[in-house]
Amino acid sequence: MPIISTAGLARTFQTKRGPVEAVRVIDLTVREGEILGFLGPNGAGKTTTLRMLTTLLAPTGGAATVAGCDLATDPAGVRRACGYVAQSGGVDPQITVREELITQGRLYRLTKAQAAERAEELARDLGLTDLLDRKAGALSGGQRRRLDIAMALTHRPKVLFLDEPTTGLDPASRADLWALIRRLRDEHGTTVFLTTHYLDEADALSDRLVIVDQGVVVAEGTPTALKLAHGGSIDASLQDTFLAITGRGPVPADAAPVAV
Amino acid sequence: MLLQDTALIYGRYARQTLRSRFALLFGVLMPLLYLLFFGPLLTNLPLGGQGSSWQVLVPGLLLQLGLFGASFAGFTIIIENSQGVVERMRVTPVSRLALLLGRVLRDATLFVFQAVLLVLAALAMGLRAPLPGVLIGFAFVALLTVSLASLSYALAMKVRTPQEFGPAINATTMPMMLLSGLMLPMTLGPTWLDVLSHFTPFRYLVDAIRDAYIGSYTTAHMLYGTLVAIAFAALAVTVGTRVFRTAGA
């Protein structure tokens, strides 16, 4: 049984200029323990989908289950099963790493002692031990991201949603984070659902890709299968494959400009 | 669950307030200036009613403190929204009502604390009022801040930018303050103004506190003030809870 499955998931926003269909029809399934790359151009509906799957936003159509809990009827179950790291993160820069981790544990209904212990454990796991008494605002970008992820792992979720986790990180921090994500899956069997704009990242990390455009799933499969089907060969770059799928190129190599 | 969650959220924001000594005291500055520079102008004026001019002015200043302080409480949630803190909490199983109540109770504590400072300063200036009356005044400040802070958070969740939020609050609080007779009793004015002021909830509250400050606890003003304060708080918390339940949706 898939750990995430959605059927016709849709979200329309009512704006002053009329309805905007951010997500039209998302049908997808994610297997337990899979790392799924969720790709698409800006405005394709990636973040909206993530916010629906994490109960932050009610769908206006369709249905979904996460870890066996129905999104509409059991949001509390979904919340217990999943962790979410938003693009912006979610820590107060004035608060220390330890206090944020402990409060997060308490929000997940741990006792004070359990929450303190869990904070230490998470800090050890994510290399934050020396930073526990530092304010979140004083962390580097990479450290900050590790803290965001530590917060989301507080309750050992079955599914971890990451929205553009490596945006703005230096190459070393990115490599670090990739290793962390793989370790989570390998050691704890955590299912990881991540969005990214870095196609090398999607290629290197994901077991499978789902590509969305204009609120609809336009392609899905392993990176290799997608390259073969849409990029022309398994040696095609994911960049060209992505552009071919989302209909913005690639431009043939011999195409001369019509006018200069 | 609700109590535990509320205590947790309250603790988080109370610590946040304690970290900023400046914010702790700043709110009391404006009413304090009124007390110092406006209060002495009233001492020999015929304000109608019993008691000294301080017993008329201080109840108004207490509500002014709540009105201008608690109405702006929503600014903090606009900041936290942009930091992602609100959504981070909303994906946890924490009670949605606690996310509101914890914050609102922190605000009530803060403004009652400032109200105590204000009354102490007023005592030094010459205020004399019975202790039960003063305590009743604090209870009204607490209820009013719960109401206004709830509405302020609800609005802040809806508008999302400080550029919209600030002017919206200013445009509401200024006429409210003028119309409610916080500075001078509305009974001094023409009938139309007196009647108009009864359309704001603050009018009933200030009348009740003024009665409390002269030791009249069983008046019609007190009854209406209490009813309006409780009804306003119930309405505001209901609106706030509804917004916090469905925020983003």
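Bear in mind that the values in this text are calculations on the coordinates, not laboratory data. Since we're looking at a predicted model, the values are computed, not measured. So basically every Cβ, Gly included, is an ideal-geometry build from the backbone, and we count neighbours across all protein chains shown.
Some values worked out for this structure:
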| item | result |
| --- | --- |
| Pairs of Cα atoms farther than 27 Å apart, the range B:1-143, % | 32 |
| Violating pairs (Cα-Cα greater than 32 angstrom) within the set A:Lys112/A:Lys158; A:Lys112/B:Lys158; A:Lys46/A:Lys112; A:Lys16/A:Lys46; A:Lys16/A:Lys158; A:Lys16/A:Lys135 | A:Lys112/B:Lys158; A:Lys46/A:Lys112; A:Lys16/A:Lys158; A:Lys16/A:Lys135 |
| The range B:198-249 - Kirkwood radius from inverse mean 1/r over Cα pairs (Å) | 12.2 |
| Orientation-averaged projected area, Cα convex hull of the range A:18-71 (nm²) | 4.3 |
| Rg/Rg_ref, the range A:111-180, where Rg_ref = 2.2 N^0.38 Å and atoms are Cα | 1.12 |
| Peptide B:88-100 - average C-beta neighbours from other chains (10 Å radius) | 6 |
| 17 Å tail of the calculated P(r), the range B:86-161, as % of Cα pairs | 56 |
| Given charges at beta-carbon only (K, R positive; D, E negative), |dipole| of the protein assembly as shown in Debye | 1200 |
| Among B:Val239, A:Pro157, A:Thr246 - extreme Cα towards positive end, dipole of the protein assembly as shown, charges at beta-carbon | B:Val239 |
| Kirkwood estimate for the range A:177-238, i.e. one over the average of 1/r between Cα atoms, Å | 12.7 |
| Least to most buried among B:Asp5, A:Asp213 (fewest other Cβ within 10 Å first) | A:Asp213, B:Asp5 |
| 25 °C / 0.890 mPa s Stokes-Einstein diffusion coefficient of the range B:95-135, Kirkwood radius on C-alpha pairs, µm²/s | 205 |
| Rough spin-label spacing in nm, given labels placed 7 Å along Cα→Cβ, for B:Phe199 and A:Gln239 | 6.4 |
| The range B:72-224: relative contact order as a whole-number percent, Cα under 8 Å and 6+ apart | 30 |
| Shielding by partners - mean other protein chain Cβ count within 10 Å, residues of A:89-95 | 5 |
| DSSP-defined antiparallel bridges as percent of all bridges, the range A:4-209, nearest 5 | 55 |
| Test item: Cα-centred dipole of the range B:132-248, Lys/Arg +1 and Asp/Glu -1 on Cβ, debye | 400 |
| Binned Cα-Cα distance frequencies in the range B:2-246 - 5 Å width, integer % | 1, 7, 13, 18, 19, 16, 11, 7, 5, 2, 1, 0 |
| Efficiency of FRET from Cβ geometry, B:Thr238 and B:Ser82, R₀ 25 Å, rounded to 0.05 | 0.40 |
| Estimated D of the range A:4-209 in µm² per second, where Rh is the Kirkwood radius over Cα pairs and Stokes-Einstein applies at 10 °C, 1.306 mPa s | 90 |
| Ascending count of other beta-carbon atoms within 10 Å, so fewest first, for B:Trp54, B:Trp192 | B:Trp192, B:Trp54 |
| Order of A:Ser140, B:Ser147, B:Ser180 - criterion: other Cβ atoms within 10 Å of each residue's Cβ, fewest first | A:Ser140, B:Ser180, B:Ser147 |
| For B:Leu97, net neighbour charge (Lys/Arg +1, Asp/Glu -1) across residues whose Cβ lies under 14 Å away | +4 |
| Debye intensity ratio I(q)/I(0), log10, the protein assembly as shown, q values 0.13 Å⁻¹ (C-alpha model) | -1.16 |
| FRET efficiency, B:Leu3 to B:Thr191 (Cβ-Cβ, R0 56 Å, nearest 0.05) | 0.70 |
| Spread of Cα-to-Cα distances over 5 Å intervals beginning at zero, given as percent, for the range A:56-171 | 2, 12, 20, 21, 19, 12, 8, 5, 1, 0 |
| Estimated FRET transfer efficiency (A:Ala175, A:His197; beta-carbon r; R0 25 Å; 0.05) | 0.90 |
| Cα pair count fraction exceeding 15 Å, expressed as % - the range B:4-81 | 69 |
| Lys/Arg +1, Asp/Glu -1 at C-beta; chain B dipole; positive extreme among B:Pro130, B:Val119, B:Thr218 | B:Val119 |
